[in-house]
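Enquirer: I am attaching a structure below and will ask some questions about it afterwards.
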Amino acid sequence: QAERAGHAPALEFRDSRLTYGELDSLANRLARHLLKLGVGTECLVGIALPRSPDMIAALLAIAKAGAAYVPIDPEEDSARRDDLIAGTDLTALIVDGCWRPQALPPSVALVDLIADRAAVAANDASSPGIEVTPSNLAYLLHTSGSTGQPKGVAMEHASLSQLRSPRYVRH
């Protein structure tokens, strides 16, 4: 869509609007930043961002890097967030400066979209060209589980392709 209609609006949020081209550029720059930090195919990237254009760009960037995202609710209890991070083999964690984990394992690269904005923007805006297969992970969700301990449920790209788009009915 970015190639066909780059100037068309892709999303609107509060007072901001991004075109498909702008969203693609943001996602490509962040994907290249993630790749420099060691993120790649099958890597898990935590995303602890509020709903925003940055969150959408980050989700696309993670996919463009060939990785799978792990949503971490920034409004969740901090102890639960820290437990999810400690119990998941993350390669990177994306935050927006509002929250940082108490103890981040040294193997996890922290990407703060506020503090790292210049470093991310310095990357090439072209697609990184990472190929993803249907058997690659798309995301990992955590459920509360019957024991109260979070359990991860992994979803591959092939399973996502089986999902039907919602039908919108205009009233």
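Enquirer: At R0 = 22 Å, how high is the FRET efficiency between Ala121 and Asp73 if r is their beta carbon distance? Nearest 0.05 is fine.
Expert: E between Ala121 and Asp73, to the nearest 0.05, is 0.25.
Enquirer: Distance in nm between label sites at Asp89 and Glu42, each 7 Å beyond Cα in the beta-carbon direction?
Expert: With each label placed 7 Å out from Cα toward Cβ, I get 0.9 nm.
Enquirer: Using Cα pairs under 8 angstrom and six or more residues apart, how large is the relative contact order of the range 1-55, in percent?
Expert: Values: 39 pairs, mean separation 15.3, N = 55.
Once normalised by length, the contact order is 28 percent.
Enquirer: Set the Förster distance to 25 Å, then compute FRET efficiency between Trp99 and His7 from the Cβ-Cβ distance, nearest 0.05.
Expert: Working: r = 35 Å, r/R0 = 1.38.
The computed FRET efficiency comes out at 0.10.
Enquirer: Still on this structure, I have one more. Once you mark the trypsin sites (Lys or Arg not before Pro) that are in a DSSP loop and have at most 13 other Cβ atoms within 10 Å, what is the longest gap between them in the chain? If you can, show how the numbers build up before the last one.
Expert: Details: sites that count: Arg4, Arg14, Arg51, Arg164, Arg167, Arg170.
Within the chain, the longest run free of exposed trypsin sites (Lys or Arg not before Pro) spans 52-163.
Enquirer: Of the accessible area of the range 1-155, with the probe set at 1.4 angstrom, what percent is carbon plus sulfur? Walk me through the intermediate numbers first.
Expert: Values: 4320 of 8350 Å².
After summing per-atom areas, the C and S share lands at 52 percent.
Enquirer: Okay, next question. May I ask what percent, to the nearest 5, of DSSP beta bridges between residues of the chain are antiparallel? Let's see the in-between values first.
Expert: Numbers: 10 of 23 bridges.
The antiparallel proportion sits near 45 percent.
Enquirer: I need the calculated FRET efficiency for the pair Asp82 and Leu141, taking r as the beta carbon distance and R₀ as 25 Å, to the nearest 0.05.
Expert: Details: r = 18 Å, r/R0 = 0.71.
Efficiency, from the Cβ-Cβ distance: 0.90.
Enquirer: Rank-order 101-107, 52-58 by packing density, defined as the average count of other C-beta atoms within 10 Å over each peptide's residues, highest first. Please report the intermediate quantities before stating the final value.
Expert: On the way: 101-107: 11.7, 52-58: 20.3.
Per-residue mean Cβ counts within 10 Å order the peptides as 52-58, 101-107.
Enquirer: Return one whole number: the accessible area per residue of the chain in Å², for a 1.4 Å probe.
Expert: On the way: 10270 Å² over 171 residues.
For the chain, the solvent-accessible area averages 60 Å² per residue.
Enquirer: Looking at the square roots a ≥ b ≥ c of the eigenvalues of the Cα gyration tensor of the range 22-79, which shape do they give, rounded for a/c under 1.5, prolate if a/b is larger than b/c, or oblate?
Expert: Details: a/c = 2.50, a/b = 1.34, b/c = 1.88.
Verdict is oblate for the range 22-79.
Enquirer: Quick check for me: using +1 on Lys/Arg Cβ and -1 on Asp/Glu Cβ, what's the dipole size of the chain about its Cα centre, in debye to the nearest 20?
Expert: On the way: 16 positive and 20 negative charges, 88 e Å.
Value, rounded to 20: 420 debye.
Enquirer: Defining a contact as two alpha carbons under 8 Å apart and six or more residues distant in sequence, what relative contact order in percent does the chain show?
Expert: 21
Enquirer: Okay, next question. Mind jotting down the distance between the C-alpha centroids of the range 15-44 and the range 75-92, whole Å?
Expert: Each part's Cα centre sits 22 Å from the other's.
The values are calculated or read from the model by the stated rules, or taken from the named source; none is laboratory data. Remember, it's a predicted structure, so these values are computed and weren't measured experimentally. With ideal geometry, Cβ positions are generated from the backbone for all residues, glycine too; neighbour counts draw on all protein chains shown. With ligands, DNA and RNA removed, areas are computed over all heavy atoms of the protein, side chains included. Shrake-Rupley method; radii C 1.70, N 1.55, O 1.52, S 1.80 Å.
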